[in-house]
Amino acid sequence: MSQGLTTCLPAPRLGLPAGLASEILERTGVEVAFYLPDGTRVREEGGDGAETADAAPALVLEAVRENADRLEGGAGEVRLASLLRRRSRLVLVALARVPVSGPAGEGMGRQLLAAVADLVRARMAEAETCRERDQTTEALTQCYEEISLLHNLGEALRVNRPVAEFLDDVCSALRETLGAEAVAAWLPAGTGLEPVTVVAGRLPCLVSDLPVLVGRVLAGLEPEKPVLINNHLGDDPALGGFSMALERLVVVPLPVGQEGAGAIAAFNRPGGEFGSADAKLIRSGASASAVFIDNRRLYVQLQQLMLDLVHTLVSSVDAKDPYTCGHSTRVAITCREVARGMGFAGDALKEVYMAGLLHDIGKIGTPEAILRKPGLLLPEERDIMRRHVEVGGQILSGIRRLEFIREAVLYHHEHLDGSGYPGGLKGEAIPLVARIIALADAFDAMTSNRPYRPMLPLEDVKREIGRATGTQFDPQVVRAFLGLDFGRLMQQFADSPEKLRAGGSEK
């Protein structure tokens, strides 16, 4: 055999399976070398991946020039230059040679080289089929992952959820799908909502550095390249300095209206580098998040508008009785703080606050003469006063969104032992929020000056509530109430109406 040729490992992009030349040499004793159509020798097995500039044999160049396989014999060997195509495009020339002796040996050599050429083409077609299958499988897998992600997020697209909670779901789902060490979402201030930073997994840098890191990336993105993929952060002086543990990064902008943009970022992946498929998946999550955030912002604005209208309506009710001016707002604040102590959070707190504001809305139909009467009410006047809970329930009836609040308004004068009104409900039959309002209402009545008595000291109020626990008031509500910071509560009462309306904020 010729000593000038060695077996080659074709580059994967050329469409040949690795180790084919070695396999053919071992099985047939035929040496095969591969050349590009321009005559450049493909890198040798074990090389650095570069192509070599060795001069191509004349037979290879002749085959390319004539666009046909070329066979020649002489000098004790037979050589065949075979054209290898991929999707009808010439990609390689295989030069095979075998030593022969005599005319009979040359004939057998020609047959052997023809068989080798067929084998190379068959293996190349097989490799192409496997590659297309793998690409199809990968594409289907990516589509499945994207559909699964969007399906899961679609189930979570409820605008009454806090933004941070939704983004936590997004980041957790992306981290699991991508196999990343961490996925984080950052939403800056000035977007109509509270700023948010959410991290799923172990962040390879300080959380406090995240806004600066993301901001630096976003500032450097070009409109035609709206995504950053960097698998060599150690070589990047602008980003690598944040942490030695920061190796790989994908950042996708999270646009929010016209005010600005946040971002979703994936950090490090032990299994390999990030690619365009990963960025596409993150962009799907970012798109779903942007829709949710915009809807959430509109929902919060609508919620605040409703709260403002309720404040205005409640103020008109409170204005009918100068002795109870501000009563509804104080009850709403007390309800919210008691509910917070009982584990309520997010929109549930806002609903409790709204119920507290509206608990006396039925008094809009109570004559002012009864509301303003300086002494104790007569029995028939007391009956008229008691009707305010039913009037309030009627006012709110038919508004499906306020059904939860309507029941609290209707039953907030029920007692745990069944001695209350209007239905004489007992224990758990009384809605929990109604039980919270009952205590908050009584607390404000006892700590306010009334025409028939002055306000009571706080310690006396606590004793009165303690004596009525289990009969009038729910013990679990009382425990949460007694755990309040009353100094802070009184400060909230004294704050401006704008601050009091924080019940409708995103916090």
Test: L396 is buried (at least 16 other Cβ atoms within 10 Å of the Cβ) and either more than 29 Å from A480 (Cα to Cα) or at pLDDT below 90 (or both)
yes
Of the residues in segment 383-408 that are aliphatic (A, V, I, L, M) and over 37 Å from the mean Cα position of the chain (by Cα), the one that is nearest to A440 (Cα to Cα) is V389
The condition of being farther than 30 Å from L357 by Cα and either crowded, with 19+ Cβ neighbours inside 10 Å or at pLDDT 85 or above (or both) holds, among I282, I293, only for I282
Among residues of segment 358-380 being in contact with a helix residue (DSSP H, G or I) (Cβ under 7 Å, 6 or more places away or on another chain) and among the hydrophobic types (A, V, I, L, M, F, W, C), the residue farthest from V314 (Cα to Cα) is L377
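Kindly indicate whether any position in segment 193-201 is under 21 Å from A173 (Cα atoms), surrounded by 14 or more Cβ atoms within 10 Å (Cβ to Cβ), hydroxyl-bearing (S, T, Y) and touching a Leu at 6+ places or on another chain (Cβ under 9 Å). Step through it out loud before you land on a result.
Restricting attention to segment 193-201, the residues satisfying the condition of being under 21 Å from A173 (Cα atoms) are 196-201.
Then keep just the ones that are surrounded by 14 or more Cβ atoms within 10 Å (Cβ to Cβ); that gives 196-201.
Okay, now just the ones that are also hydroxyl-bearing (S, T, Y), so 197.
After this cut, where a residue has to be touching a Leu at 6+ places or on another chain (Cβ under 9 Å) as well, the list is 197.
Yes, segment 193-201 contains at least one residue that is under 21 Å from A173 (Cα atoms), surrounded by 14 or more Cβ atoms within 10 Å (Cβ to Cβ), hydroxyl-bearing (S, T, Y) and touching a Leu at 6+ places or on another chain (Cβ under 9 Å).
Condition check: at pLDDT 80 or above and surrounded by fewer than 13 Cβ atoms within 10 Å (Cβ to Cβ). Does S276 satisfy that? Steps first, please.
Numbers: at pLDDT 80 or above: yes; surrounded by fewer than 13 Cβ atoms within 10 Å (Cβ to Cβ): yes.
Judged against the criteria, S276 is a match.
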The condition from (1) under 19 Å from R216 (Cα atoms); (2) aromatic (F, W, Y); (3) touching a helix residue (DSSP H, G or I) at 6+ places or on another chain (Cβ under 6 Å) that F292 misses is numbered (1)
Checked pairs for segment 24-40, first in contact (Cβ under 8 Å) with a residue 60 or more places away in the chain, second crowded, with 18+ Cβ neighbours inside 10 Å and among the basic types (K, R), C-beta under 6 Å and 6 or more apart or across chains, list as E31/R97; Y35/R41
>> Going by what's in this entry, would A266 be described as under 17 Å from V170 (Cα atoms) and assigned by TED's automatic domain parsing to the domain that holds V207?
In response: yes
May I ask you to verify whether L416 is in a loop (DSSP other than H, G, I, E, B), without any contact (Cβ under 8 Å) to a residue 60 or more places away in the chain and of a type outside the set (V, I, T)? yes
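Got a sec? Which helices (runs of 4 or more DSSP H) wholly within segment 303-399 have at least 3 residues that are assigned by TED's automatic domain parsing to the domain that holds F481 and in contact (Cβ under 8 Å) with a residue 60 or more places away in the chain?
Working: elements: 327-341, 347-358, 368-371, 379-386, 388-396.
Result: 327-341, 347-358.
Identify, from the list D417, D383, the residue that is among the acidic types (D, E), surrounded by fewer than 16 Cβ atoms within 10 Å (Cβ to Cβ), touching a helix residue (DSSP H, G or I) at 6+ places or on another chain (Cβ under 9 Å) and more than 25 Å from R330 (Cβ to Cβ). Spell out how you get there, then give the answer.
Numbers: D383 fails: touching a helix residue (DSSP H, G or I) at 6+ places or on another chain (Cβ under 9 Å).
Criteria check complete, one pass: D417.
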Residue check for V170: touching a Leu at 6+ places or on another chain (Cβ under 8 Å) and either in a strand (DSSP E or B) or not acidic (D, E) (or both): yes
Those strands (runs of 3 or more DSSP E) completely within segment 67-116 that have 3 or more residues that are closer than 15 Å to Y35 by Cβ are 77-86, 89-99
Per the filter on segment 236-250, residues part of a loop (DSSP other than H, G, I, E, B), surrounded by 16 or more Cβ atoms within 10 Å (Cβ to Cβ) and of a type outside the set (G, A, S) are L239, L246, E247, R248
inquiry  = Looking for something in a strand (DSSP E or B) and either touching a Ser or Thr at 6+ places or on another chain (Cβ under 9 Å) or aliphatic (A, V, I, L, M) (or both) - is there at least one such residue anywhere in segment 205-218?
reply    = no
Note on G418: of the conditions (1) touching a strand residue (DSSP E or B) at 6+ places or on another chain (Cβ under 7 Å); (2) on the phi > 0 side of the Ramachandran plot, unmet is (1)
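The values are calculated or read from the model by the stated rules, or taken from the named source; none is laboratory data. None of the values given here were measured: they were computed from a predicted structure. Using ideal geometry, Cβ is built from the backbone for each residue, glycine included, and neighbour counts are taken over all protein chains shown.
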